[in-house]
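**Student:** The following block contains the structure, expressed as structure tokens.
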Amino acid sequence: MNYYFSKTINGKFETIEIKVKALLKNEGFGVLTEIDMQTTLKEKLNKDFRKYKILGACNPPFAFKALQAEDKIGTMLPCNVILQEHDQNKIEVSAINPMVSMQAVENSALKAVAEEVSSKLENVINKLENEK
């Protein structure tokens with residue numbers, strides 16, 4: 001089992017980012033954080049890097065359930081979704097698979113939450129399509 005779900009699609013980075021955010025919203029997630037690695041690496045290290053953005057996605061009801069089941073689970077929140085441009089208009093979108101990342105925590109209540117969140121994030125990735 002991979003620690004992420006992933007799909008590479010054709011389209012403009014910015015347009016796909018908008019689609020990913022909309023799909024996340026449809027699954028009950030909000031984006032709490034956005035890290036633009038291309039800009040950050042240029043500013044901090046003066047290094048050029050491809051378009052690469054990390055979205056910190058959170059589904060509040062599931063986050064609350066997870067925190068009730070395991071008080072240290074905040075170390076693994078929010079769920080990261082990344083967009084990266086490998087070639088012009090070839091964008092890979094990947095999301096964490098919470099089932100894998102939370103295997104180390106032996107807590108059956110948390111496992112049930114992770115299964116549901118995994119399903120929702122996998123839905124986001126599966127619904128992505130090439131731009132027309």
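The values are calculated or read from the model by the stated rules, or taken from the named source; none is laboratory data. Remember, predicted model here, so these are calculated numbers, not experimental data. Every residue, glycine as well, gets a Cβ built from its backbone with ideal geometry; the counts of neighbours run over all protein chains shown.
**Student:** From (1) part of a helix (DSSP H, G or I); (2) of a type outside the set (Val, Ile, Thr); (3) surrounded by 17 or more Cβ atoms within 10 Å (Cβ to Cβ), pick out the condition that doesn't hold for Ala57.
**Tutor:** Every listed condition holds for Ala57 apart from (1).
**Student:** Out of Lys111, Lys120, report the one residue that is charged (D, E, K, R), crowded, with 19+ Cβ neighbours inside 10 Å and not in a loop (DSSP other than H, G, I, E, B). Can you show your working first?
**Tutor:** Values: Lys111 fails: crowded, with 19+ Cβ neighbours inside 10 Å.
So the residue among Lys111, Lys120 that is charged (D, E, K, R), crowded, with 19+ Cβ neighbours inside 10 Å and not in a loop (DSSP other than H, G, I, E, B) is Lys120.
**Student:** For Ile73, indicate whether it is of a type outside the set (Phe, Trp, Tyr) and either modelled with pLDDT of 95 or more or over 18 Å from the mean Cα position of the chain (by Cα) (or both). Write out each step before concluding.
**Tutor:** Working: of a type outside the set (Phe, Trp, Tyr): yes; either modelled with pLDDT of 95 or more or over 18 Å from the mean Cα position of the chain (by Cα) (or both): no.
No; evaluated as a whole, the condition is false for this residue.
**Student:** To continue, here is another question. How about the range 93-108: which of its residues are at pLDDT below 90, part of a loop (DSSP other than H, G, I, E, B) and within 18 Å of Gly56 (Cα to Cα)?
**Tutor:** Residue satisfying the conditions is Met102 alone.
**Student:** Ok, one more. If I filter the range 6-23 down to residues being under 14 Å from the mean Cα position of the chain (by Cα) and free of Cβ contacts under 8 Å to residues at least 40 places away in the same chain, which single residue comes out as nearest to Ile91 (Cα to Cα)?
**Tutor:** So the residue we want is Ile18.
**Student:** Name the residues in the range 60-92 that are out of contact with any helix residue (DSSP H, G or I) (no Cβ under 7 Å at 6 or more places or on another chain) and assigned to a loop (DSSP other than H, G, I, E, B), would you? Walk me through it before giving the result.
**Tutor:** First, pick out the residues of the range 60-92 that are out of contact with any helix residue (DSSP H, G or I) (no Cβ under 7 Å at 6 or more places or on another chain): 60-61, 63-64, 68, 71-72, 75, 78, 80, 82, 84, 86-90, 92.
Once the filter is applied, which keeps residues that are out of contact with any helix residue (DSSP H, G or I) (no Cβ under 7 Å at 6 or more places or on another chain) and assigned to a loop (DSSP other than H, G, I, E, B), the range 60-92 yields Asp71, Lys72, Pro78, Gln88, Asn89.
**Student:** Oh, and also: Could you please find all residues in the range 83-104 being out of contact with any strand residue (DSSP E or B) (no Cβ under 8 Å at 6 or more places or on another chain), crowded, with 16+ Cβ neighbours inside 10 Å and free of Cβ contacts under 8 Å to residues at least 60 places away in the same chain?
**Tutor:** Met102 - this is the single residue of the range 83-104 that is out of contact with any strand residue (DSSP E or B) (no Cβ under 8 Å at 6 or more places or on another chain), crowded, with 16+ Cβ neighbours inside 10 Å and free of Cβ contacts under 8 Å to residues at least 60 places away in the same chain.
**Student:** Before we move on, is Lys47 basic (Lys, Arg), in contact with a helix residue (DSSP H, G or I) (Cβ under 7 Å, 6 or more places away or on another chain) and within 21 Å of Ser101 (Cα to Cα)? Talk me through it step by step, then tell me what you get.
**Tutor:** Values: basic (Lys, Arg): yes; in contact with a helix residue (DSSP H, G or I) (Cβ under 7 Å, 6 or more places away or on another chain): yes; within 21 Å of Ser101 (Cα to Cα): no.
Taking the combined requirement at face value, the residue does not satisfy it.
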